[in-house]
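Scroll down for the structure; my scribbles are underneath it.
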């Protein structure tokens, strides 16, 4: 998108269907949410068709998921503040895509610490939700290796010994695999993680770190 609200208004005035979905099920709000820098366009599209923010793509992704994954907290929090009911707010906060990835997990994957913090502390997003691989937000954060984000999740009382359902890996396994030495030190020295937990192939974190 070029970000020209004036052009979009002309097209809408002449009958353009903002609810049209492309072959992937994306509507105009998905595209605006992806671009991120054009909050005025998001506000305009939402004002004429609020239902767009509740419409999933074929992959099950809502526009707010796209905004979170693409690191656009201004759009995420605008959409959360602009819904008309608590039911719709709960839907945005709890919906997952076809892979089971939640809004909070998308925010974690984006690497935006403040967005993650606000979603947890102000919107009470679940830190225990599991995607279809059985991974929670702490697993995603451990793969990325942003220590301050991991600390936020730990302070929210996530289970640092939680095993995912794909390989049976704990957050420590993931941090070792990705080589995040600062995260490994934090888990071991400050979180009292169990370093001897074995995955589905009977491998502990030490063995994963040697791969």
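Among helices (runs of 4 or more DSSP H) lying entirely in segment 55-142, which contain 2 or more residues that are within 28 Å of residue 161 (Cβ to Cβ)?
Because the criterion is at least 2 residues that are within 28 Å of residue 161 (Cβ to Cβ), the helices (runs of 4 or more DSSP H) in segment 55-142 that meet it are 63-69, 86-94, 103-110, 113-121.
Picking from 110, 142, 85, 47, which residue would you name as being outside the structural domain of residue 152 (by TED's automatic domain parsing) and either touching a helix residue (DSSP H, G or I) at 6+ places or on another chain (Cβ under 6 Å) or in contact (Cβ under 8 Å) with a residue 12 or more places away in the chain (or both)?
110
Having 3 or more residues that are in contact with a helix residue (DSSP H, G or I) (Cβ under 9 Å, 6 or more places away or on another chain) and loosely packed, with under 14 Cβ neighbours inside 10 Å is the bar; report the helices (runs of 4 or more DSSP H) wholly within segment 149-211 that clear it.
In segment 149-211, the matching helices (runs of 4 or more DSSP H) lie at 181-190.
So if I check each of 124, 70, which one is free of Cβ contacts under 8 Å to residues at least 40 places away in the same chain and closer than 25 Å to residue 137 by Cβ?
Unique residue meeting the criteria: 124.
The values are calculated or read from the model by the stated rules, or taken from the named source; none is laboratory data. Computed from a prediction, not measured in an experiment: that's the story for all the values here. Cβ coordinates were reconstructed from backbone atoms using ideal geometry, including for glycine residues, and neighbour counts include every protein chain displayed.
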